[in-house]
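The values are calculated or read from the model by the stated rules, or taken from the named source; none is laboratory data. Note that the structure is a prediction, hence the values are computed from the model and not measured. Using ideal geometry, Cβ is built from the backbone for each residue, glycine included, and neighbour counts are taken over all protein chains shown. For accessibility, only protein heavy atoms count, side chains too; no ligands or nucleic acids. Shrake-Rupley method; radii C 1.70, N 1.55, O 1.52, S 1.80 Å.
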Amino acid sequence: MNEDVRAMQPRDLSAFPRVALAQLPTPLTALPRLSAHLGGPTLYVKRDDCTGLATGGNKARKLEFLLGDALRSGADTVITCGATQSNHARQTAAAAAALGLACELVLQDRLETGDIEYNASANVLIDRLCGATIHAVGRRDDVMQAMERRRLELEAQGRKAYVIPTGGSTPVGSLGYVAAAGELLQQARASSLHIDRIVHAGSSSGTQAGLLTGLALAREDIPVLAFSVGLPRQEQEDRVFSLACQTAALLGITAIHRDRVVANSDFVGAGYARPTPEMVEAVRLVARLEGLLLDPVYTGKAMAGLLHLIEQRQLVSGMHVVFLHTGGSTALNAYRSVFDR
Ligand SMILES: *Cc1c(COP(=O)(O)O)cnc(C)c1O
């Protein structure tokens with residue numbers, strides 16, 4: 001066999017170190033009252049808000065592979081970053097605690113409102129409870145540099161830190177969503193559900209890149225639409241595509257086609273983590289009809305987008321749409337005043 005051919009032999013997911021951290025499989029359930037209320041497609045929710053790790057969310061799946069890699073490297077500490085109310089940082093703090101690793105978080109105050117609830121409650125409270133050390137930085141600071149500086153300081157003390165970039169969105173982290181795609185397909189098959197569309201909130205890109213790669217691996221072409229919560233459409237799609245290509249390379253499979261990457265940035269509002277009236281409406285509607293909690297930064301905005309597509313009849317009766325709930329409702333308490341108004 002020549003080198004090129006061998007390089008194209010797909011690597012099984014089991015070839016990668018992985019630690020069991022998430023409660024899997026997460027439930028796939030119907031949203032009957034929301035579907036009836038909207039009179040459009042039949043809606044389902046994939047409950048990745050129920051993965052565990054101090055309240056759940058999509059980062060648990062990525063962390064299974066990232067921390068598998070960290071343990072293999074002999075790390076005693078994990079360093080990661082995020083916005084002040086980062087769900088990724090909170091799940092990393094919980095995972096590190098569960099594995100007996102030290103955890104340091106570089107948290108960036110991107111809003112700079114000085115709001116005490118935003119700066120100390122919800123995810124931040126949990127970070128502290130789990131024993132993480134927090135390094136608070138401002139909007140203009142370079143978080144990657146801050147993490148690297150801290151890694152070197154620890155190294156000088158004889159420690160070994162594993163650095164996880166924003167959102168855990170590396171090719172290794174994305175493997176969590178390659179696996180999730182397989183899990184979802186298996187659940188759909190078991191209940192004879194034909195999925196017409198998967199919809200979710202997208203930010204650092206690992207979720208969509210992993211899902212699209214996992215679907216390709218299973219030779220399924222279900223469209224995946226991600227509502228961006230920050231970047232403009234073109235930039236978001238480019239980022240997802242680039243990460244999907246790297247993830248495919250890691251697995252030794254052919255990369256997905258660029259056309260498969262679809263983002264929508266129409267529901268971002270004024271910017272990342274800045275509330276919109278549509279988000280508030282969507283969070284209220286889903287809570288009142290289904291008792292299901294969304295979040296102000298990610299899933300609330302994605303659901304606002306989904307509601308709009310249904311209103312515009314781009315998604316219609318007879319279709320089966322899965323909303324991938326990526327978590328985040330823990331942050332609701334940090335946004336109390338937004339919902340009180
Ligand atoms: C991180 C996060 C996302 C975005 O996932 P990416 O893989 O970063 O695109 C969506 N929803 C919630 C609740 C998150 O914490």
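Details
- The residue pairs whose first member lies in the range 251-278 and is on the phi > 0 side of the Ramachandran plot and open to solvent by 50 Å² or more (accessible area, probe 1.4 Å), whose second member is assigned to a loop (DSSP other than H, G, I, E, B) and polar (S, T, N, Q), and whose beta carbons are closer than 7 Å, counting only pairs six or more residues apart or on different chains, are Gly269/Thr276.
- Condition check for Thr92: open to solvent by less than 10 Å² (accessible area, probe 1.4 Å), farther than 29 Å from Val199 by Cα, of a type in the set (S, T, N, Q) and in contact (Cβ under 8 Å) with a residue 24 or more places away in the chain: no
- Yes/no for Val322 being open to solvent by less than 50 Å² (accessible area, probe 1.4 Å) and away from the ligand (no atom under 16 Å from the Cβ): no
Here is a yes/no grid of residues against (1) buried (at least 16 other Cβ atoms within 10 Å of the Cβ); (2) on the phi > 0 side of the Ramachandran plot; (3) more than 16 Å from the ligand (Cβ to nearest atom); (4) not small (Gly, Ala, Ser):
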residue	(1), (2), (3), (4)
Val124	yes, no, no, yes
Asp141	no, no, yes, yes
Met147	yes, no, yes, yes
Leu152	no, no, yes, yes
Gly158	no, yes, yes, no
Gly167	yes, yes, no, no
Leu175	yes, no, no, yes
Leu184	yes, no, no, yes
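- Filtered residues of the range 296-314 (kept if among the charged types (D, E, K, R) and either open to solvent by less than 10 Å² (accessible area, probe 1.4 Å) or within 9 Å of the ligand (Cβ to nearest atom) (or both)): Lys301
- Extreme residue, farthest from the chain's Cα centre (by Cα), among residues of the range 196-214 that are over 15 Å from Ile256 (Cα atoms) and more than 6 Å from the ligand (Cβ to nearest atom): Asp196
- Count - residues of the range 288-302 that are small (Gly, Ala, Ser) and assigned to a loop (DSSP other than H, G, I, E, B): 1
- The strands (runs of 3 or more DSSP E) located wholly in the range 116-225 that include 1 or more residues which are over 28 Å from Gly40 (Cα atoms) occupy 133-137, 161-164.
- Within the range 44-89, considering residues that are open to solvent by 10 Å² or more (accessible area, probe 1.4 Å) and of a type in the set (Asp, Glu), the one farthest from the ligand (Cβ to nearest atom): Asp76
- Within the range 325-341, the set of residues being near the ligand (Cβ under 9 Å from one of its atoms) and touching a Pro at 6+ places or on another chain (Cβ under 7 Å) comprises just one member, Ala331.
- Exclusive hit being open to solvent by 60 Å² or more (accessible area, probe 1.4 Å), at pLDDT 95 or above and either in contact with a strand residue (DSSP E or B) (Cβ under 9 Å, 6 or more places away or on another chain) or of a type outside the set (A, V, I, L, M) (or both), set Pro41, Pro25, Pro17: Pro25
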